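A short write-up of the structure that comes next.
Rule-based calculations on the coordinates, nothing more; no lab input. Every value quoted in this text rests on a predicted model; they were computed, and no experiment measured them. Every residue, glycine as well, gets a Cβ built from its backbone with ideal geometry; the counts of neighbours run over all protein chains shown.
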Amino acid sequence: MTEPRSPGMSSMPQPAPVHTDATSPAVEMDPVEYTLRKRLPRKLPKRRNDVYVNMKTDFRAQLARCKKLLEGGGHREICVHGLGLAINRAINIALQLQASSQGALQLAANTSTVELVDDLEPEDPDEAGEPMTRTRNNSAIHIKVFYPDPQ
Amino acid sequence: PPPPPQAPPPAPKLGREGFKKVCRSEEEAPCPFPGLASGVLEMRVKEGSKIRNLMGFAMARMQGEGLVGGGGGGLRQVVFTGSGRAVTKTITCAEIMKRNVGALHQITKLQYRAVKEVWESGGGGGGGGGGEEEGAAGEGGASEMTVHRTVPSVSILLSKDPLDPQEPGYQPPEAVSALWGEGEREGIGHAPPRKRPLGPLGPLGPLGPSPYAGSPHCKRVCLGEGGSVHPPH
């Protein structure tokens with residue numbers, strides 16, 4: 001946590017306008033550089049049959065995990081969650097499960113908005129920059145994949 | 001129409017230098033809301049659509065600005081649809097509208113949609129192409145490639161009038177807090193807010209002890225484009 005991740009610029013002396021051509025438009029530079037740190041999303045429900053899909057784990061591994069829950073794990077329903085970019089993958093997993101079940105599985109999707117918090121930490125402690133936080137919203141999807149009850 | 005002269009693409013390396021997507025068309029799919037009146041406003045969200053344009057239009061229609069004798073208060077229903085990389089944006093649009101209009105009933109439907117893409121290799125595309133060229137790229141002349149893909153798509157119906165609660169994917173108005181509130185109660189015992197043993201996405205398999213744990217990642221790295229939306233065959 002102590003080492004700021006260097007985004008290439010941090011080692012350079014700060015403003016250093018090396019060649020400012022008279023022709024180039026005055027570029028508005030941030031007076032202080034910040035490191036953007038994304039906090040984790042707030043705590044989430046985690047039952048045995050909740051699957052949170054991400055973009056780092058291999059797609060097939062996540063699909064296999066869901067299959068295992070439904071087939072071997074004895075669950076009659078699982079809930080696949082995806083946030084932001086992972087929405088696409090969550091939908092993909094749910095549709096794959098449905099397709100490979102020969103119509104036995106049904107999907108019920110809900111959407112929501114999740115509030116996320118970013119921390120902005122000043123790169124250079126000597127500068128007057130204050131640590132800041134910023135909140136933003138991202139969309140999420142929650143897909144129930146289930147065997148419908150025979151009626 | 002005759003098939004394109006080029007050989008069928010052996011899963012082209014999308015995003016490779018020199019190839020440019022020139023056309024993308026969705027093939028017709030049945031409407032996921034069978035009982036819907038024909039006059040419902042359908043917002044087709046595309047990858048490049050601007051949310052403010054979409055919402056400016058849709059909100060005005062739902063709030064009934066500029067409509068004469070339209071039953072007062074604008075349209076009763078709207079459908080947002082989008083596929084592939086526009087899925088997230090589609091959901092965001094629906095979420096914004098729910099927040100702004102309020103008291104909307106929702107049904108979300110998921111399906112695969114067939115998409116036809118035409119890719120073109122322009123010979124001198126990117127500028128200063130350093131690496132080796134792909135065999136498929138013709139020298140000098142532009143060659144064309146047609147790719148058929150299936151991509152996930154989402155359709156969201158928002159309605160001021162009640163919808164069938166038994167329909168899969170139904171969400172009553174103001175369901176968001178309930179959805180997460182429920183989880184909060186469940187999570188209270190074992191998940192203190194600031195330090196969790198695992199990342200939010202559960203055990204991370206081959207990545208070892210959660211890379212999320214100590215270091216919230218800074219900028220999002222460029223995530224693979226195109227590849228992620230392929231359903232594996």
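Of the residues B:83, B:155, A:100, the one with the fewest other Cβ atoms within 10 Å heads the list, and the complete ranking is A:100, B:155, B:83. Shape class of region A:82-140 from the alpha-carbon gyration tensor: prolate, with a/c at 1.5 or above and a/b greater than b/c.
Here the contact order of region A:82-151, divided by its residue count and restricted to Cα pairs under 8 Å and six or more residues apart, works out to 42 percent.
Could you work out how much longer the chain between residue B:31 and residue B:53 gets when fully extended? Use 0.36 nm per residue separation minus the Cα distance between them, nm to one decimal.
Computed gain between residue B:31 and residue B:53 is 5.5 nm.
Which pairs in the list A:46/B:89; A:144/B:50; B:89/B:116; A:144/B:109; B:21/B:116; B:46/B:89 are over 18 Å apart, alpha-carbon to alpha-carbon?
Result: A:46/B:89; A:144/B:50; B:89/B:116 exceed 18 Å.
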